[in-house]
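So the structure is just underneath, and the comments pick up after that.
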Amino acid sequence: MTEAPARRLHWYEHIWVNANWFALTLRAQVLAGLVVPLLVQNYVGEGQKGSYYGTIRLWALMMAVLTQALFGLLSDHYPSRWGRRRPFVVIGTLAEVVVFALMAWVAGLSGMTGFYLLLVLYLLSMLASNYSQGGTQGLIPDVVPPEQRGTTSGVKMLLEIPLPLVLVGLVIAPMVSQGRIGLALAVTAAGMLVCMGLTLLVHEESSLGTTTPIDWKPLLSLVWMTVVFTAIILGLGWVVKVVMAALGSTSRLVLSLVGVLAMVVAVIAGIFGSLAVHSDPTVRRSRPFIWWTISRLAALVAVNNIASFLLYFLQDKFTLPAQEAVSLAGLLPMVLGGFVVLFGLVAGWLSDRFDRRWMTALGAGIGALGVVVIVLGPSIAWMYVAAAIIGLAYALFNVASWALGTDIIPTERAGEFLGLQNLAGAGAGAIGAYIGGSIADHTGYVWMMVMFGVMFVLSALTVLWVKEARPAG
């Protein structure tokens, strides 16, 4: 077992340790929320943008599941005089900057050539960012003593959620809305390089002669889990397309019901199926953990894809031109992130004093209410209200759900079990984008938001099936 670090950190070192989380959120928000959906729309046109964007997101997110685990494992055992974490941050950041330069060139292309080149570059971008994240996620346990980790985690939340969203909303989104995608990518790359420089200031000991052999079994289990999960999503996506072709010109409500049913099956079957091939029978038999993961997956399908498809939704609901929609799509997540931070401490207080299952369900229920406001809100002003509600919902859901997870998993294997739920984070984006994108091309994006509202309801219901949670407080 690795000894806990004894050296206490100065106040500014908490920023250095967490600086790269700012960069990771920044690049994710710029690419997934603005640049990639806008370029896909330019390449394939209005009628098919949902399906093609869903395809890009599916493969990028499934790559993220595998590479994040792989690079995290390699980082744990990496021998270097610079430490085992910082080399991953440097190499990953520099590689992604190169990818951004190529992406700026691809932004000037058109047609399917542009789309396929964008697909390749987006996959390479995910590869590079997960290489960087593989080192980043190990910095806190490596260099922060246990008594300071609460403070460090608080700094991490500020750098990971509201601050990069402010930069995107006020600086980068206006650039994208004016068609200056190359400049937007350059500013994003500059921000990432600054964060990389701050990370290099972290006091990390040499790992030469201290590493141990790699146990590849957990990674092989994850590979099989990802293959099964991806196959389920692809299979259901194919079924949805066949059903839509058979139904022909039918009502948007019927098509939306088809999409909701496919998503529900993907969420439940995806988790049961992928965990069923895990090599450890303890994981396969842990029903509370399985239902907890299903609940998180369902809510993340909603949250992640509301953000990913926000640009298309705003264009659809308010018939906005792309430039105006891009600007608004940059501001709304900033409001959401602000409310996540503002309500975060209250959410922690509530989850410590009430049954965490019910607090998790309440958070998901409030999220469904936010979707109602998104769908029925008659003006753009109401979208800011919806962003605030969903920010509040996400804060309560995420804090209570994570605390619930720590209640039900084996303490001595907490890292392993909590790592398995990363499949829910990536799978959420893949399910909503690949299945939902195909449906939205036929129903429009307002109905897509309705489907995500149902996912919040599914999350609230399934968390109540977690029967072994001990009472909080």
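The values are calculated or read from the model by the stated rules, or taken from the named source; none is laboratory data. All values reported here derive from a predicted model rather than from experimental measurement. Here the Cβ positions follow ideal geometry from the backbone for every residue, glycine too, while neighbour counts run over all protein chains shown.
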Item to check | Positions within the stretch 241-260 being farther than 25 Å from Ala460 by Cα and part of a helix (DSSP H, G or I), in sequence order | outcome: Lys241, Val242, Val243, Met244, Ala245, Ala246, Leu247, Arg252
Next on the checklist: If Ile389 meets every condition in (1) buried (at least 24 other Cβ atoms within 10 Å of the Cβ); (2) over 13 Å from Val463 (Cβ atoms); (3) at pLDDT 95 or above apart from one, which number is that one?
Outcome noted: (1)
Checklist entry - Right, Leu66: in contact (Cβ under 8 Å) with a residue 40 or more places away in the chain, surrounded by 22 or more Cβ atoms within 10 Å (Cβ to Cβ) and part of a helix (DSSP H, G or I) or not? => result no
Checklist entry - For the stretch 51-73, how many residues are in contact with a Gly (Cβ under 7 Å, 6 or more places away or on another chain) and over 19 Å from Phe229 (Cβ atoms)? => result 3
Next on the checklist: Looking at (1) at pLDDT below 90; (2) more than 21 Å from the chain's Cα centre (by Cα); (3) more than 17 Å from Arg287 (Cβ to Cβ), which one does Arg413 not meet, given that it meets all the others?
Outcome noted: (3)
Checklist entry - What is the residue count in the stretch 323-357 for residues that are touching a residue at least 24 places away in the same chain (Cβ under 8 Å) and over 24 Å from the mean Cα position of the chain (by Cα)? => result 7
Item to check | Residue within the stretch 250-259 that is without any contact (Cβ under 8 Å) to a residue 40 or more places away in the chain, out of contact with any Phe, Trp or Tyr (no Cβ under 8 Å at 6 or more places or on another chain) and polar (S, T, N, Q) present | outcome: yes
Next on the checklist: Please return the ranges of helices (runs of 4 or more DSSP H) entirely within the stretch 261-321 where 2 or more residues are under 17 Å from Ile233 (Cα atoms) and small (Gly, Ala, Ser).
Outcome noted: 287-308
Next on the checklist: Step by step: first the residues of the stretch 229-255, then only those that are of a type in the set (Ser, Thr, Tyr) and over 20 Å from Leu300 (Cβ atoms), then the one that is modelled with the highest pLDDT. Which residue is that?
Outcome noted: Ser251
Item to check | Boolean, Leu332 is assigned to a helix (DSSP H, G or I) and either of a type in the set (D, E, K, R) or in the same structural domain as Leu458 (by TED's automatic domain parsing) (or both) | outcome: yes
Item to check | The lone exception for Tyr12 - which of (1) part of a helix (DSSP H, G or I); (2) of a type in the set (Ser, Thr, Tyr); (3) touching a helix residue (DSSP H, G or I) at 6+ places or on another chain (Cβ under 9 Å); (4) at pLDDT below 90 it fails | outcome: (3)
Checklist entry - Among the residues of the stretch 33-55, is any surrounded by fewer than 22 Cβ atoms within 10 Å (Cβ to Cβ), touching a Pro at 6+ places or on another chain (Cβ under 9 Å) and either assigned by TED's automatic domain parsing to the domain that holds Thr152 or without any contact (Cβ under 8 Å) to a residue 12 or more places away in the chain (or both)? => result no
Checklist entry - Which condition breaks for Arg81 when tested against (1) touching a residue at least 24 places away in the same chain (Cβ under 8 Å); (2) farther than 20 Å from Ala307 by Cα; (3) part of a helix (DSSP H, G or I)? => result (3)
Next on the checklist: Anything in the stretch 261-277 that is surrounded by 22 or more Cβ atoms within 10 Å (Cβ to Cβ) and either farther than 13 Å from Ser438 by Cβ or among the basic types (Lys, Arg) (or both)? List them, or say none.
Outcome noted: Val267, Gly270, Ile271, Ser274, Leu275
Item to check | Top-ranked residue in the stretch 216-260 [being crowded, with 17+ Cβ neighbours inside 10 Å and of a type in the set (S, T, N, Q); ranked as farthest from Ile290 (Cα to Cα)] | outcome: Ser256
Checklist entry - Looking at the stretch 190-225, which of the residues that are among the β-branched types (Val, Ile, Thr) and assigned to a loop (DSSP other than H, G, I, E, B) is modelled with the highest pLDDT? => result Val202
Next on the checklist: Among the residues of the stretch 150-182, what is the count of those that are without any contact (Cβ under 8 Å) to a residue 60 or more places away in the chain and surrounded by fewer than 18 Cβ atoms within 10 Å (Cβ to Cβ)?
Outcome noted: 5
Next on the checklist: So, Thr25, is that one out of contact with any Leu (no Cβ under 7 Å at 6 or more places or on another chain), under 22 Å from Gly169 (Cβ atoms) and modelled with pLDDT of 90 or more or not?
Outcome noted: yes
